[in-house]
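Have a look at the structure below before the remarks.
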Amino acid sequence: MAPLVSALRALDGVETRVLVTGQHRALLDSALAALGIVPDIDLRVSSGEGALDRMLAALLTAIGATLDRERPARVLVHGDTLTALAATLAAHLRRVPVAHVEAGLRSGDLFAPWPEEGSRRITGILADLHFAPTVAAADALRRENVPADAIHVTGNTVADALRMIQARIVARPDLAAAADRILARFVDRRIVTATMHRRENWPRLPAIARALARLARRDDLAIIIPLHPNPRVTDPLTAALGTLPNVALVPALDYPDFVRLMAASTLILTDSGGVQEEAPALGVPVLVLRDVTERGEGVAAGSVRLVGTDPEAIVAAATAVLDAPASTTPRQLYGDGYAADRIAAILVARLNA
Ligand SMILES: CC(=O)N[C@@H]1[C@@H](OP(=O)(O)OP(=O)(O)OC[C@H]2O[C@@H](n3ccc(=O)[nH]c3=O)[C@H](O)[C@@H]2O)O[C@H](CO)[C@@H](O)[C@@H]1O
């Protein structure tokens with residue numbers, strides 16, 4: 001979303017106010033800082049460990065009160081978090097139109113990813129403007145009877161953010177100094193990066209960790225795991241992998257550092273969504289620790305492979321890639337890196353209509 005904020009703020013005649021809730025505080029602050037975005041409103045809703053319904057209720061009422069004060073002409077939401085869902089509902093309950101960025105992503109399974117698939121389908125019902133990253137996402141919206149003239153295939157802003165941060169790293173290599181320090185510990189090894197945080201995978205983390213421990217027996221590898229700040233994720237991974245010399249469990253990295261780490265990797269194992277888009281753009285093979293994905297384009301292109309969470313399957317698939325390296329041709333599967341400008345132009349045209 002940060003690239004889109006910059007594009008909107010560059011426009012005359014439109015005032016763009018950025019609301020953040022702090023639902024994913026740790027990653028949010030670094031991503032916004034890396035792309036030079038200062039939020040206007042920070043609701044500081046504690047992500048805590050509360051039940052999802054309590055989180056959604058807190059987000060809904062806090063965002064609703066903000067909309068009553070701010071009285072926007074339109075609300076723009078990105079993706080599938082509870083924050084995006086709450087903002088969509090709060091706007092709808094006030095008849096404020098909603099535009100959805102990263103619209104149309106569907107896995108076909110309401111419980112994978114959970115609760116994101118449900119959140120983004122509900123958002124798709126209530127939004128009147130849909131910015132789809134790809135034709136496949138636009139087709140998914142059409143199957144849900146979203147009017148064709150409400151759908152715009154723009155690419156995803158993830159590609160914009162990646163393009164922008166790569167340019168910044170070239171200009172200022174020190175922006176990725178933390179990644180360089182981690183990589184310097186393993187100069188004689190190939191890098192496998194792993195990230196996982198999906199809620200539906202929490203019970204599977206011990207099994208995933210067993211697979212990573214098996215891979216860590218190889219003396220030609222180093223496995224680097226930036227840890228999502230949730231203790232439900234860090235605890236099982238630390239218990240299983242914390243003492244292995246060629247496994248580096250590190251705090252979640254600032255975006256420039258994580259981009260440098262991805263680019264230096266021979267293979268990435270992840271249950272992430274954005275990484276399924278970024279790694280192909282960097283030419284790095286990805287094994288997805290999920291059974292289904294809303295990003296089928298990467299699978300169809302051969303850049304991404306679904307391996308699930310069974311340790312044997314993960315080890316076999318990773319070994320196959322490591323022993324017969326796949327293509328490393330960068331693939332721009334989710335946009336050319338200029339989605340934000342397209343979306344901003346469409347939004348302004350709609351506001352002025
Ligand atoms: C179901 C699903 O797939 N939904 C996705 C989910 O986001 P996600 O699964 O992509 O979340 P993460 O994996 O945390 O990555 C987020 C970004 O963080 C960067 N990163 C990662 C580790 C690190 O140490 N340092 C970093 O900087 C990384 O490069 C990436 O750009 O929700 C978003 C909002 O609703 C959706 O838009 C998106 O579809």
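From A58, A91, which residue is out of contact with any helix residue (DSSP H, G or I) (no Cβ under 8 Å at 6 or more places or on another chain), crowded, with 18+ Cβ neighbours inside 10 Å and assigned by the TED database to the domain that holds H130? Don't jump to the end; show me each part of the working.
On the way: A91 fails: out of contact with any helix residue (DSSP H, G or I) (no Cβ under 8 Å at 6 or more places or on another chain).
Every option except A58 fails the conditions.
Name the single residue, out of those in segment 64-81 being touching a residue at least 40 places away in the same chain (Cβ under 8 Å) and away from the ligand (no atom under 15 Å from the Cβ), that is least open to solvent (accessible area, probe 1.4 Å). Explain how you work it out, then say what you get.
Our first condition is that a residue be touching a residue at least 40 places away in the same chain (Cβ under 8 Å); within segment 64-81, this holds for 66, 70, 72-74, 76-81.
Of the ones still in play, those that are also away from the ligand (no atom under 15 Å from the Cβ) are 66, 70, 72-74.
Numbers: T66: 4, E70: 65, P72: 40, A73: 74, R74: 42 Å².
Top of the filtered list is T66.
Taking the residues in segment 21-55 that are among the aliphatic types (A, V, I, L, M), more than 12 Å from the ligand (Cβ to nearest atom) and not in a loop (DSSP other than H, G, I, E, B) as candidates, determine which candidate is surrounded by the fewest Cβ atoms within 10 Å (Cβ to Cβ).
Let us first name the residues in segment 21-55 that are among the aliphatic types (A, V, I, L, M), namely 26-28, 31-35, 37-38, 41, 43, 45, 51-52, 55.
This time we only want the ones that are more than 12 Å from the ligand (Cβ to nearest atom), so: 37-38, 41, 43, 45, 51-52, 55.
Then drop every residue that is not not in a loop (DSSP other than H, G, I, E, B), which leaves 41, 52, 55.
Working: I41: 15, L52: 11, M55: 20.
So, considering only residues that are among the aliphatic types (A, V, I, L, M), more than 12 Å from the ligand (Cβ to nearest atom) and not in a loop (DSSP other than H, G, I, E, B), the one surrounded by the fewest Cβ atoms within 10 Å (Cβ to Cβ) is L52.
Being farther than 27 Å from G79 by Cα, touching a helix residue (DSSP H, G or I) at 6+ places or on another chain (Cβ under 6 Å) and of a type in the set (A, V, I, L, M) narrows it down to one of A211, A176, A222, A216, so name that one.
The conditions single out A211.
All but one of (1) in contact with a Leu (Cβ under 6 Å, 6 or more places away or on another chain); (2) modelled with pLDDT of 95 or more hold for A65, so report the exception by its number.
Answer for A65: the failing condition is (1).
So the check is Cβ under 6 Å with 6+ separation or different chains; which pairs have a first residue in segment 322-336 that's over 22 Å from G155 (Cβ atoms) and a second one that's crowded, with 18+ Cβ neighbours inside 10 Å?
Hits for this filter: A326/P285.
Anything in segment 223-259 that is charged (D, E, K, R), surrounded by fewer than 23 Cβ atoms within 10 Å (Cβ to Cβ) and in a helix (DSSP H, G or I)? List them, or say none.
Here is the first cut: in segment 223-259, the residues charged (D, E, K, R) are 232, 235, 254, 257.
From the residues that got through so far, the ones that are surrounded by fewer than 23 Cβ atoms within 10 Å (Cβ to Cβ) too are 232, 235, 254.
Within segment 223-259, R232, D235 meet the criteria.
Output the residue which, of all residues in segment 182-200 that are at pLDDT 95 or above and buried (at least 19 other Cβ atoms within 10 Å of the Cβ), is nearest to the ligand (Cβ to nearest atom).
By that ranking, first place goes to T195.
Regarding G308, is this residue under 23 Å from M1 (Cβ atoms), open to solvent by less than 10 Å² (accessible area, probe 1.4 Å) and in the same structural domain as N201 (by the TED database)?
On the way: under 23 Å from M1 (Cβ atoms): no; open to solvent by less than 10 Å² (accessible area, probe 1.4 Å): yes; in the same structural domain as N201 (by the TED database): yes.
No.
The values are calculated or read from the model by the stated rules, or taken from the named source; none is laboratory data. Treat the numbers as computed from the prediction; the structure is a model and nothing was measured. Cβ atoms come from the backbone with ideal geometry, glycine included; neighbour counts cover every protein chain shown. Remember, those area values only see protein heavy atoms, side chains included, never the ligands or the DNA or RNA. Shrake-Rupley method; radii C 1.70, N 1.55, O 1.52, S 1.80 Å.
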